[in-house]
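Everything on this sheet refers to the single structure shown next.
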Amino acid sequence: MSGSSTLPPLQIPRQAILEGNITYPGSLVLGGTIRGDVRCTSIVVTERGVVEGSICANTATIMGEAHGSIYAEQVTLKTACSVAGEIFHKNLSLENGCYFEGKSRRVANPIGLADWERQEQDTVIGLLR
């Protein structure tokens, strides 16, 4: 995902609960809750932040909660975070005290894999209609 360095980070405050998919061509700092998929250049899920859906970004730093697949070149799971799902990455860092339940897969192009899996899912949904 190509981002623009002129875009300010999108800050979602702790009180916010967003339902639906989010696409932002820059950095995202999440203090609230997103119930849907997130696509951005980089994401920081703060200590109180929650993502209930997939994350696709060049870099993902999780300090709060993530429930779903993560596709990122660089993934960092910080102390006291909680992640449940699959992580597709080039580089994964786990700090002592992080909670990770799921599978980790090192792949050459995690963002390309996310695009492919989304296309496959859209095809299956189209066939079911």
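It is to be established whether one or more residues within segment 29-43 are among the aliphatic types (A, V, I, L, M), in contact with a Cys (Cβ under 8 Å, 6 or more places away or on another chain), open to solvent by 50 Å² or more (accessible area, probe 1.4 Å) and in a strand (DSSP E or B).
no
Which of the following residues is of a type in the set (S, T, N, Q), modelled with pLDDT of 95 or more, in a loop (DSSP other than H, G, I, E, B) and surrounded by fewer than 18 Cβ atoms within 10 Å (Cβ to Cβ): 11, 15?
Sole residue among the options that is of a type in the set (S, T, N, Q), modelled with pLDDT of 95 or more, in a loop (DSSP other than H, G, I, E, B) and surrounded by fewer than 18 Cβ atoms within 10 Å (Cβ to Cβ): 15.
Check whether at least one residue in segment 48-57 is polar (S, T, N, Q), out of contact with any Gly (no Cβ under 7 Å at 6 or more places or on another chain) and touching a residue at least 12 places away in the same chain (Cβ under 8 Å), and report yes or no.
No, segment 48-57 has no match at all.
Identify, by number, the condition in (1) closer than 21 Å to residue 114 by Cβ; (2) buried (at least 18 other Cβ atoms within 10 Å of the Cβ); (3) out of contact with any Cys (no Cβ under 8 Å at 6 or more places or on another chain) that residue 20 doesn't meet.
Of (1) closer than 21 Å to residue 114 by Cβ; (2) buried (at least 18 other Cβ atoms within 10 Å of the Cβ); (3) out of contact with any Cys (no Cβ under 8 Å at 6 or more places or on another chain), only one is false for residue 20: (2).
It is to be established whether one or more residues within segment 97-113 are crowded, with 19+ Cβ neighbours inside 10 Å and of a type outside the set (Val, Ile, Thr).
Checked segment 97-113: at least one residue is crowded, with 19+ Cβ neighbours inside 10 Å and of a type outside the set (Val, Ile, Thr).
The values are calculated or read from the model by the stated rules, or taken from the named source; none is laboratory data. Bear in mind the structure is a predicted one, so any value in this text is a computation, not a measurement. Quick reminder, even Gly has a Cβ in these numbers, built from the backbone with ideal geometry, and neighbours come from all protein chains shown. The accessibility values were calculated without ligands, DNA or RNA, using every heavy atom of the protein model including side chains. Shrake-Rupley method; radii C 1.70, N 1.55, O 1.52, S 1.80 Å.
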